[in-house]
Amino acid sequence: GKTRVITSRIAHMILHRDIHPRKIAAVTFTNKAANEMTGRLNSVLSKVALDITAKTFHSFCALILRIDGKHIGIPSDFSIFDDDDQISAIKKAMEEVQVDPKKVAARGILSSISNAKSQLISVEGLALNKSSYYDEIVERVFRSYESILRKSNALDFDDLLAKTHFLFDHHSEVLTKYQNRFEYLMVAEFQDTKIAQYNIARQLANKHRNLCVVGDPDQYIYSCRNASLKHIFSFK
């Protein structure tokens with residue numbers, strides 16, 4: 001039902017309110033949900049649907065970074081590390097900073113780094129707030145991992161969100177460009193938003209104040225990925 005709410009609202013805006021489809025962005029969390037949303041829009045709006053930006057949060061941010069990432073030193077031809085790439089890079093980073101993989105799990109360190117990025121905490125921020133020996137290990141590996149990403153001209157999935165937020169936060173002209181382009185923003189599965197996604201939605205909607213979200217707290221599934229139900233409960 002949530003996807004139908006979004007697609008029905010978009011159709012109403014275009015067919016009955018004369019809103020140009022290029023002014024509309026709809027984002028969700030999985031490729032399956034994005035494909036379903038796109039399919040429904042195509043069936044209702046035909047060719048008009050091609051002008052609507054309907055993507056996952058990550059692909060939406062990747063598009064923005066390929067166009068305007070140069071403002072923060074990200075080339076348009078960056079690659080995206082998948083899970084296997086990330087684990088390989090973490091193991092290499094651990095080797096560089098002499099962390100024994102028999103004593104500290106690479107997967108655990110990657111999870112800690114991902115948690116920090118999804119909360120918009122940089123390696124410098126992590127360094128300022130470390131409170132244990134394990135935090136110190138994570139910080140050391142984090143720095144080396146970031147260096148490996150830069151040398152590989154790559155971002156990981158968490159970077160797609162964190163770097164987009166950083167871009168908007170430090171380059172107001174870029175943010176204004178996308179605020180003017182996407183006057184109407186819709187977010188499906190809002191119960192699964194992380195801090196980074198929530199803040200990007202706020203940044204984009206701050207000018208026109210037209211943000212529509214759809215979610216169901218009973219379908220909250222991403223607590224292990226730093227999603228927070230407080231976003232949907234405090235939305236008003």
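The values are calculated or read from the model by the stated rules, or taken from the named source; none is laboratory data. Here the structure is a predicted model, which is why all the values come from computation and not from measurement. All Cβ positions, even for glycine, are placed from backbone atoms using ideal geometry, and neighbour counts span all protein chains on display. For accessibility, only protein heavy atoms count, side chains too; no ligands or nucleic acids. Shrake-Rupley method; radii C 1.70, N 1.55, O 1.52, S 1.80 Å.
Taking the criterion of being of a type outside the set (Phe, Trp, Tyr), within 25 Å of residue 62 (Cα to Cα) and either part of a loop (DSSP other than H, G, I, E, B) or at pLDDT below 95 (or both), would at least one residue in region 126-135 satisfy it?
Initial filter on region 126-135 (of a type outside the set (Phe, Trp, Tyr)): 126-132, 135.
Within this subset, residues satisfying the condition of being within 25 Å of residue 62 (Cα to Cα) are 126.
Add one more test, that the residue is either part of a loop (DSSP other than H, G, I, E, B) or at pLDDT below 95 (or both), and what stays is 126.
Looking through region 126-135, at least one residue is of a type outside the set (Phe, Trp, Tyr), within 25 Å of residue 62 (Cα to Cα) and either part of a loop (DSSP other than H, G, I, E, B) or at pLDDT below 95 (or both).
Counting only residues that are open to solvent by less than 70 Å² (accessible area, probe 1.4 Å) and hydroxyl-bearing (Ser, Thr, Tyr), which one in region 87-133 is farthest from residue 164 (Cα to Cα)?
Per the criteria, the residue is 132.
Which residue, of 136, 189, is open to solvent by less than 60 Å² (accessible area, probe 1.4 Å) and either within 19 Å of residue 26 (Cβ to Cβ) or in contact with a Lys or Arg (Cβ under 7 Å, 6 or more places away or on another chain) (or both)?
On the way: 136 fails: open to solvent by less than 60 Å² (accessible area, probe 1.4 Å).
Step by step, each of 136, 189 is checked, and only 189 is open to solvent by less than 60 Å² (accessible area, probe 1.4 Å) and either within 19 Å of residue 26 (Cβ to Cβ) or in contact with a Lys or Arg (Cβ under 7 Å, 6 or more places away or on another chain) (or both).
Go over the candidates 145, 184, 178 one by one and state the one that is out of contact with any Lys or Arg (no Cβ under 9 Å at 6 or more places or on another chain) and of a type in the set (Ser, Thr, Tyr).
From the options 145, 184, 178, the qualifying one is 178.
I'd like the residue in region 8-61 that is over 13 Å from residue 184 (Cα atoms), of a type in the set (Val, Ile, Thr) and assigned to a helix (DSSP H, G or I) and, out of all such residues, is farthest from the chain's Cα centre (by Cα).
Across region 8-61, the extreme among qualifying residues is 44.
Going through region 5-19 one residue at a time, which ones are open to solvent by 100 Å² or more (accessible area, probe 1.4 Å) and not charged (D, E, K, R)?
15, 16
Every residue, every condition in (1) without any contact (Cβ under 8 Å) to a residue 24 or more places away in the chain; (2) in contact with a Pro (Cβ under 9 Å, 6 or more places away or on another chain); (3) more than 20 Å from residue 145 (Cα to Cα), yes or no:
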| residue | (1), (2), (3) |
| --- | --- |
| 10 | no, yes, yes |
| 35 | yes, no, yes |
| 43 | yes, no, yes |
| 46 | yes, no, yes |
| 73 | yes, no, no |
| 78 | no, no, no |
